[in-house]
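First the structure, in the form of structure tokens, and then the observations on it.
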Amino acid sequence: MSKQIITSLDARENNNINNFLTLIIVLMFMFLNQSRVMFGANISIADFFLAFALIVLIFKNKVLLPVFPTLYFLTVSIFVLYNTVFLIPYKFMFSPDLSSILKDYLKILIVYVYFIMGYSLPNLGLIEKSLKWYSIFGLLVGILGIMFTVFNVNLFSQSLFLYAPRFNGLMNDPNYFSIIQVSVFVYFSRSKDVKGAYKWIILLLIILSILVSGSKTGLVTLLSYIALRVIENAFKWKGNQSKVTIQMFLFSLLIMIFALSRDLIQNLIEHMTSILPVFARVEYIFTDFNSAISGSGSSRDLTWEVAIEIIKQFPIIGIGIGTYTNIAEELYGFEAIAHNTYLQLFSEWGILLPSLLFIYIFIFIVKVTFSKETKPNSTLILRDMIIVFLFGSLAISLNNARMFWVFLGAFSFYCKFGSGKCNK
């Protein structure tokens, strides 16, 4: 009898721990939509829930450490720290700020922990619920931005409109916010729980939330993703000639209408701008793409040029971490970061290590895309979210984006084990 009571108590305690773990992981995913610069560092509430979740997983012996990513992290750590502390000071005859080095290395450490957390979640059956709440919370923030912009609400404007009139949500950058919204678009466009008119209404709201952010990067990323889905469906229906023909006809017709109706489109854009003045930033995508890159405060062409020159000078060792703005200022008189994840990593780590990372990601994307096995919907959602962040990385530095690394961790698990579990 006493054994039964003890067993029952143990089961209840274990159930309570599981419920607590589920709660903090869901909260962690929800607050991936939030980030602010505090004490000179980019801090998210999600980081605190990450710490709690990690402690519980360690206690339950449920942390999974994949071999290659862990070895890669250790290699990157040793390589960049050695270059930063010993080689770069010798080359430039200056001592990098220790606090900047520690701050940038802490970012690398944190995203590795997010990767490990993402890798461990599918084994617990929590990734589907986590993605759902990440997306719901993102949708709610987007709706808030639409309402505040349309009705000109000034409440919390110092936090929600850091670059007024652009809505940045709970992030510290409107472009970052817009890329997150595109990832939310991915979830609801693929979700099997939301159907019919509700799905289209939600997708429209997400598009509007991207527009009120005034982000050219977000809009281009969204259009690129939609084009990718059209191409994917064409290949998926290759055995059904009628569906492929209809879809390609409609897509071609849309392009022709766009090409032949410049005046109509221009009037529509001007009308949109009169309703949403922030839309003036993104209209250049349709009217003058070169200005969209270099004008309206973007200066992407200059930041990319500086990053490319740094890569040319340091293709093997890179310039290390915590040094980029100082070296860019010293060499070219321009201290902004690269605004491109690929260029940022190539300039800091050298060409080899980032190339291995992107090859690793590319192989998994190709493996999932062309596999004939039945894939869980969550795998496709994770794949598309990663692709969205890779698109967005062309115009914004997302190498420290928390959600990208937790998504990549979960995606890596599915690529290795499918929908099964890893038995430790």
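The values are calculated or read from the model by the stated rules, or taken from the named source; none is laboratory data. This is a predicted model, so every value here is computed, not measured. Cβ sites come from the backbone with ideal geometry, for glycine too, and all protein chains shown count toward neighbours. Keep in mind that these areas ignore ligands, DNA and RNA; they rest on the heavy atoms of the full protein, side chains included. Shrake-Rupley method; radii C 1.70, N 1.55, O 1.52, S 1.80 Å.
If a residue must be of a type in the set (Gly, Ala, Ser), over 18 Å from Trp405 (Cβ atoms) and touching a helix residue (DSSP H, G or I) at 6+ places or on another chain (Cβ under 8 Å), how many such residues does the stretch 116-156 contain?
Going residue by residue through the stretch 116-156, those that are of a type in the set (Gly, Ala, Ser) are 118, 120, 125, 130, 135, 138, 142, 145.
Checking which are over 18 Å from Trp405 (Cβ atoms) leaves us with 125, 142, 145.
Now restrict to residues that are touching a helix residue (DSSP H, G or I) at 6+ places or on another chain (Cβ under 8 Å): 142, 145.
Count: 2.
So which helices (runs of 4 or more DSSP H) are wholly in the stretch 187-269 and hold at least 3 residues that are modelled with pLDDT of 90 or more? Give the derivation first.
On the way: elements: 196-212, 216-236, 241-260.
Correct list: 196-212, 216-236.
Could you check the stretch 140-159 and list, in sequence order, the residues that are assigned to a helix (DSSP H, G or I) and surrounded by fewer than 21 Cβ atoms within 10 Å (Cβ to Cβ)? Before the answer, list the steps.
Keep residues of the stretch 140-159 that are assigned to a helix (DSSP H, G or I), which gives 140-150, 157-159.
Of everything in the stretch 140-159, those that are assigned to a helix (DSSP H, G or I) and surrounded by fewer than 21 Cβ atoms within 10 Å (Cβ to Cβ) turn out to be Leu140, Ile143, Leu144, Ile146, Met147, Phe148, Val150, Ser157, Gln158, Ser159.
Does the stretch 324-335 contain any residue that is open to solvent by less than 20 Å² (accessible area, probe 1.4 Å), over 17 Å from the mean Cα position of the chain (by Cα), closer than 16 Å to Ser397 by Cβ and among the hydrophobic types (A, V, I, L, M, F, W, C)?
Keep residues of the stretch 324-335 that are open to solvent by less than 20 Å² (accessible area, probe 1.4 Å), which gives 324, 327-328.
Filter again for over 17 Å from the mean Cα position of the chain (by Cα), leaving 324, 327-328.
Keeping just the survivors that are closer than 16 Å to Ser397 by Cβ gives 324, 327-328.
Checking which are among the hydrophobic types (A, V, I, L, M, F, W, C) leaves us with 327-328.
Yes: one or more hits.
Which residues, counting only those in the stretch 44-76, are open to solvent by less than 50 Å² (accessible area, probe 1.4 Å) and either touching an Asp or Glu at 6+ places or on another chain (Cβ under 8 Å) or within 24 Å of Gly322 (Cα to Cα) (or both)?
Ser44, Ala46, Asp47, Pro69, Thr70, Tyr72, Phe73, Val76
Applying the selection to the stretch 211-238, what residues are under 18 Å from the mean Cα position of the chain (by Cα) and free of Cβ contacts under 8 Å to residues at least 40 places away in the same chain?
Leu223, Ile226, listed by residue number.
Picking from Met117, Met93, which residue would you name as being out of contact with any Gly (no Cβ under 6 Å at 6 or more places or on another chain), open to solvent by 20 Å² or more (accessible area, probe 1.4 Å) and either within 18 Å of Thr325 (Cβ to Cβ) or modelled with pLDDT of 95 or more (or both)?
From the options Met117, Met93, the qualifying one is Met93.
Tell me yes or no: at least one residue of the stretch 334-342 is more than 16 Å from Asp104 (Cβ to Cβ), among the aromatic types (Phe, Trp, Tyr), touching a His at 6+ places or on another chain (Cβ under 9 Å) and at pLDDT 85 or above.
Looking for residues that are more than 16 Å from Asp104 (Cβ to Cβ), among the aromatic types (Phe, Trp, Tyr), touching a His at 6+ places or on another chain (Cβ under 9 Å) and at pLDDT 85 or above, one finds none in the stretch 334-342, hence no.
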